[in-house]
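What follows is one structure encoded as structure tokens, with my remarks underneath.
What follows draws every value from the coordinates through simple rules; no lab data is involved. This is a predicted model, so every value here is computed, not measured.
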């Protein structure tokens, strides 16, 4: 193999590996080291107490390969908007994908889905990065 052909083959291999690895982040983080920021709230309750949960604003933000908030509660049939502020494509997909799925959300994009009409808990994940998980509660 000539040096020119070898150099071209190495450049091609490098480009392929970069593309393949760009969507891979690695093993799931240790749950004890995960810190979740409180969700952004559209309005504040008139008389909050320190132990009151923060109401869900209807928007889940994907940042740094995590859902924010990861666990949230909505009413049956509520519209949930998902905003991807990350640098790679993500989804918010029920473990049973027929229940709800945003489909691919490109970096900077948004998508919405309608919460199930049946009350219950619905685990979800990112279809591309399975270590990204959360729990939707419909009540």
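Indicate, rounded to the nearest 5 percent, the antiparallel portion of the DSSP beta bridges found entirely in segment 57-139.
Antiparallel bridges make up about 70 percent of those DSSP assigns within segment 57-139.
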Cα extents of segment 96-139 along the three principal axes, largest first, in whole Å?
31, 21, 16
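Which whole number of Å³ per residue matches the convex hull of the alpha-carbon atoms in segment 57-139?
On the way: hull volume 5.9 nm³, N = 83.
With only Cα atoms used, segment 57-139 gives 72 Å³ per residue.
Just subtract the alpha-carbon distance of residue 137 and residue 94 from 0.36 nm times their residue separation and send over the number in nm, one decimal. If you can, show how the numbers build up before the last one.
On the way: separation 43, 0.36 × 43 = 15.48 nm, distance 1.16 nm.
Using 0.36 nm per residue and subtracting the Cα-Cα distance, I get 14.3 nm.
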